[in-house]
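Participant: So that we are looking at the same thing, I have put the structure below in structure tokens.
The values are calculated or read from the model by the stated rules, or taken from the named source; none is laboratory data. Predicted model, so just to flag it, every value in this text is computed and none were measured. Using ideal geometry, Cβ is built from the backbone for each residue, glycine included, and neighbour counts are taken over all protein chains shown.
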Amino acid sequence: MLLIPGSQGLLAVKLSRLTGFKLGYAQLEKLPNGEKYIRVSGEITGDVVIVNSLAHNPDEMIMESLFLAETLKEYGAKRVFAVFPYLPYSRERAIRGEAFPIKAIAKIFSCLDRMYVVDFHLEDMIPEFPFEVVNLTAMEELAKYAENFDVKDPVVIAPDEEALRWASIVAEKLGIDCYYMKKIRVDAENVIIESAPHEAQGKDIIIVDDMIATGSTVVQAIKVLKRIGCGKIYVLCTHPVLAADALRRIFENGAEEVIGTDTVPSPISYVSVAPIIAKALVES
Ligand code: R5P
């Protein structure tokens, strides 16, 4: 298996070390008129894996990965797999005439033979993809990191009902209780969380969510938890997208630590998803 990193594909180096799969190279450039220039070099045979984080400049990265996948097929790859640890457009559902981009993304990448994603938010959309999607979870790795938090008798809090599916994995691994908060999303940057579970009162807290985008969810959750007298608050997420000043706002509101993974390279990407992806690649 050959691993080819995209422009945001640093994870490929870790994957190569863990799997022993060779690293390949593709020339990924932009022409003066803004179009892309992509060239693969060396002999392309067997299965090839594109590794790319699609978090920053998602539309650019989607097109780059698509052109790369088609080129690899053209020049001899038997099967092309993609490791997209963070798949963009994975929160939006369509209502009242809105676009539902993940459906288009599933079609756009139809030349792929398999896609590896991590903690994919719209899990129920996987059957819409015309190829195999392997949805891995980083929650056990995050839970291992949380074992070293300086907490006393903590509980895990999911800041909304959807996050319960990730938070409960962490809680189970740590052997502690898990509760969720009721959240109403107003728009992309604003959410309302009015109350916290009474079981959290006076406890140290580990908030668990799949991603931090604007940080509004975590900030509101912290505010409400502090209001009912919770102790230390730690935050875990798989995808630290961290738009604008998300991290600053979370710390200013009293988080002790905020920990994410390297599905999105960031200043808080302390936990690597490379071991779980490497294992999945080797087993495939
Ligand atoms: C959404 O439902 C997700 O699980 C996260 O709670 C959300 O994406 C976080 O976004 P933000 O940081 O912008 O509140």
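Participant: Let me confirm something: among Lys78, Lys36, which residue is out of contact with any Lys or Arg (no Cβ under 9 Å at 6 or more places or on another chain) and free of Cβ contacts under 8 Å to residues at least 40 places away in the same chain?
Facilitator: Among Lys78, Lys36, only Lys78 is out of contact with any Lys or Arg (no Cβ under 9 Å at 6 or more places or on another chain) and free of Cβ contacts under 8 Å to residues at least 40 places away in the same chain.
Participant: Restricting attention to region 196-235, which residues are within 16 Å of Leu164 (Cα to Cα), more than 12 Å from the ligand (Cβ to nearest atom) and touching a Lys or Arg at 6+ places or on another chain (Cβ under 8 Å)?
Facilitator: The answer is Ala196, Ile205.
Participant: Can you name the residue in region 236-270 that is charged (D, E, K, R) and within 11 Å of Gly215 (Cα to Cα) and, of all such residues, is nearest to the ligand (Cβ to nearest atom)?
Facilitator: Arg249
Participant: Mind checking which pairs have a first residue in region 125-148 that is over 16 Å from Ser168 (Cβ atoms) and in contact (Cβ under 8 Å) with a residue 40 or more places away in the chain and a second that is of a type in the set (D, E, K, R) and surrounded by 13 or more Cβ atoms within 10 Å (Cβ to Cβ), Cβ under 7 Å, 6 or more apart or different chains?
Facilitator: Pairs that qualify, where the first residue is over 16 Å from Ser168 (Cβ atoms) and in contact (Cβ under 8 Å) with a residue 40 or more places away in the chain and the partner is of a type in the set (D, E, K, R) and surrounded by 13 or more Cβ atoms within 10 Å (Cβ to Cβ), are Val134/Arg114.
Participant: Please indicate, with yes or no, whether at least one residue in region 133-144 is surrounded by fewer than 18 Cβ atoms within 10 Å (Cβ to Cβ), within 14 Å of the ligand (Cβ to nearest atom) and farther than 30 Å from Val80 by Cα.
Facilitator: Among the residues of region 133-144, not one is surrounded by fewer than 18 Cβ atoms within 10 Å (Cβ to Cβ), within 14 Å of the ligand (Cβ to nearest atom) and farther than 30 Å from Val80 by Cα, which makes the answer no.
Participant: Among the residues of region 159-187, which ones are within 20 Å of Gly202 (Cα to Cα) and away from the ligand (no atom under 14 Å from the Cβ)?
Facilitator: Those that are within 20 Å of Gly202 (Cα to Cα) and away from the ligand (no atom under 14 Å from the Cβ): Ala171, Leu174, Gly175, Ile176, Asp177, Cys178, Tyr179.
Participant: Given the options Ala94, Ala104, name the one that is more than 26 Å from Val208 (Cβ to Cβ) and within 16 Å of the ligand (Cβ to nearest atom).
Facilitator: Ala94
Participant: Report yes if some residue within region 147-158 is at pLDDT 95 or above, buried (at least 17 other Cβ atoms within 10 Å of the Cβ), touching a helix residue (DSSP H, G or I) at 6+ places or on another chain (Cβ under 7 Å) and over 30 Å from Ile205 (Cα atoms); otherwise report no.
Facilitator: no
Participant: Somewhere in region 81-91, is a residue within 16 Å of the ligand (Cβ to nearest atom), surrounded by fewer than 17 Cβ atoms within 10 Å (Cβ to Cβ) and either at positive phi or in a loop (DSSP other than H, G, I, E, B) (or both)?
Facilitator: Yes: one or more hits.
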